[in-house]
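First the structure, in the form of structure tokens, and then the observations on it.
The values are calculated or read from the model by the stated rules, or taken from the named source; none is laboratory data. For clarity, every value in this text was computed on a predicted model and none was experimentally measured. A quick note on method: Cβ atoms are made from the backbone with ideal geometry, for glycine too, and the neighbour counts reach across all protein chains shown.
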Amino acid sequence: MNDELYTRIFEDLGGEFVTSAFELHKKLNITRAFLFDWDGVFNTGTKGHGQTSLYSEVDSMGINMLRFAYWLKNKQMPLIAIITGENNLSAFQLAQREHFDAVYFHVNHKIEALSHLKQRHIIENEQVLFCFDDILDVSLAEVVGARFLVKRKSNPLFLNYAKKHQICDYITGSESGQHAVREICELVLGIEDVYDDTISKRIAYSNEYQTYLKERNQIETLFFTKKDNEITQVNISGS
């Protein structure tokens, strides 16, 4: 891995390595699950009456390449889940279309969703990568393996808190609503030294990509929420 090259590329973008690229690579080597907060990560977090927070195809492509790269390396699918404190219909749509494993919603203490996920899939904290942006996410971020914090210039004290208390490994150069998820996915592929191979095989629509896509599309997205102090599976209309 050319850690100096990738450090320079992403620092030039405005990203900040709280953990060195070399040490981050060690964490990524054992990662089995990729978890994403929604509001403020896939979008600006803006809401209003009759409106819902959206996602971009740029970020969606990044996640698909992240999963494909993992599949090429391990010959199995990684675990992909969204954990949100709100009822975000756009998150449901993306997760179903892209065949994520799970969506946890209306779970305000997000570490409870992590505990449920670990029990269902037999994974350990250090095998989890988490993308987050704000205070509600900290209980989860402080216990998992690789932590990617989406930057906002409007909360400099929180960014400083995250660095001081070592609850993130990398802070994005892209802010909320500026395709920060894509930045994180490209950084992971770069640090793992699999970017060119992964992208080339997708461009060629290779046999490997077709096999991966078939396996991916067999995944049924499950939805969970908190009811009566328990994480419970629920049916979502259209799922």
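Output the number of the condition that ILE122 fails; it satisfies all remaining conditions of (1) on the phi > 0 side of the Ramachandran plot; (2) surrounded by 24 or more Cβ atoms within 10 Å (Cβ to Cβ).
(2)
Do the conditions hold for ASN108, that is, is it part of a loop (DSSP other than H, G, I, E, B), of a type outside the set (A, V, I, L, M), in contact with a Ser or Thr (Cβ under 9 Å, 6 or more places away or on another chain) and at pLDDT below 95? Even if it seems obvious, please write down each step before you answer.
On the way: part of a loop (DSSP other than H, G, I, E, B): yes; of a type outside the set (A, V, I, L, M): yes; in contact with a Ser or Thr (Cβ under 9 Å, 6 or more places away or on another chain): no; at pLDDT below 95: yes.
Judged against the criteria, ASN108 is not a match.
Looking at GLU220, GLU208, GLU183, can you tell me which residue is part of a helix (DSSP H, G or I) and within 21 Å of the chain's Cα centre (by Cα)? Break it down into steps so the answer makes sense when it comes.
On the way: GLU220 fails: part of a helix (DSSP H, G or I); GLU208 fails: within 21 Å of the chain's Cα centre (by Cα).
That would be GLU183, the only listed residue that is part of a helix (DSSP H, G or I) and within 21 Å of the chain's Cα centre (by Cα).
Taking the residues in the range 146-176 that are without any contact (Cβ under 8 Å) to a residue 12 or more places away in the chain and not in a loop (DSSP other than H, G, I, E, B) as candidates, determine which candidate is farthest from SER53 (Cα to Cα). It would help to see each step written out before you state the result.
Going residue by residue through the range 146-176, those that are without any contact (Cβ under 8 Å) to a residue 12 or more places away in the chain are 154, 156-157, 160-161, 164.
Filter once more, so that each one left must be not in a loop (DSSP other than H, G, I, E, B): 156-157, 160-161, 164.
Numbers: PRO156: 23, LEU157: 25, ASN160: 27, TYR161: 26, LYS164: 30 Å.
Taking the candidates together, the pick is LYS164.
Would you mind finding the one in MET77, MET65 that is assigned to a loop (DSSP other than H, G, I, E, B) and either touching a residue at least 24 places away in the same chain (Cβ under 8 Å) or surrounded by fewer than 19 Cβ atoms within 10 Å (Cβ to Cβ) (or both)? Break it down stepwise before answering.
Working: MET65 fails: assigned to a loop (DSSP other than H, G, I, E, B).
After ruling out the rest, the residue left standing is MET77.
Find all pairs meeting these conditions: Cβ atoms under 6 angstrom apart; at least six residues apart or on different chains; first residue within the range 121-144 and assigned to a strand (DSSP E or B); second residue among the basic types (Lys, Arg) and crowded, with 16+ Cβ neighbours inside 10 Å.
Close Cβ pairs satisfying both conditions: PHE130/ARG147.
Restricting attention to the range 149-188, report how many residues are farther than 23 Å from MET61 by Cα and aliphatic (A, V, I, L, M).
4
Which residue is surrounded by the fewest Cβ atoms within 10 Å (Cβ to Cβ), if the candidates are limited to the range 36-54 and must be in contact with a Gly (Cβ under 8 Å, 6 or more places away or on another chain) and modelled with pLDDT of 90 or more?
This residue is THR44.
Scan the range 1-22 for residues that are closer than 21 Å to LEU140 by Cβ and either in a loop (DSSP other than H, G, I, E, B) or without any contact (Cβ under 8 Å) to a residue 40 or more places away in the chain (or both) and report the count.
2
Just need a number here: residues in the range 193-239 that are of a type in the set (Asp, Glu), in contact (Cβ under 8 Å) with a residue 40 or more places away in the chain and surrounded by fewer than 12 Cβ atoms within 10 Å (Cβ to Cβ).
1
Looking only at residues that are of a type in the set (D, E, K, R) and at pLDDT 95 or above in the range 197-228, which one is farthest from PHE100 (Cα to Cα)?
As a first pass, look at the range 197-228 and keep what is of a type in the set (D, E, K, R): 197, 201-202, 208, 214-216, 220, 226-228.
From what's left, at pLDDT 95 or above: 197, 201-202, 208, 214-216, 220.
On the way: ASP197: 23, LYS201: 21, ARG202: 19, GLU208: 20, LYS214: 14, GLU215: 12, ARG216: 8, GLU220: 8 Å.
The qualifying residue farthest from PHE100 (Cα to Cα) is ASP197.
Of everything in the range 25-35, what is crowded, with 19+ Cβ neighbours inside 10 Å and either without any contact (Cβ under 8 Å) to a residue 12 or more places away in the chain or touching a Phe, Trp or Tyr at 6+ places or on another chain (Cβ under 7 Å) (or both)? Give them in sequence order.
Across the range 25-35, the qualifying residue is only LEU35.
Does ARG182 meet the test of being touching a residue at least 24 places away in the same chain (Cβ under 8 Å), touching a Gly at 6+ places or on another chain (Cβ under 6 Å), crowded, with 19+ Cβ neighbours inside 10 Å and not small (Gly, Ala, Ser)? If you could, list the steps in order and put the result at the bottom.
On the way: touching a residue at least 24 places away in the same chain (Cβ under 8 Å): yes; touching a Gly at 6+ places or on another chain (Cβ under 6 Å): yes; crowded, with 19+ Cβ neighbours inside 10 Å: yes; not small (Gly, Ala, Ser): yes.
When the stated conditions are applied, ARG182 passes them.
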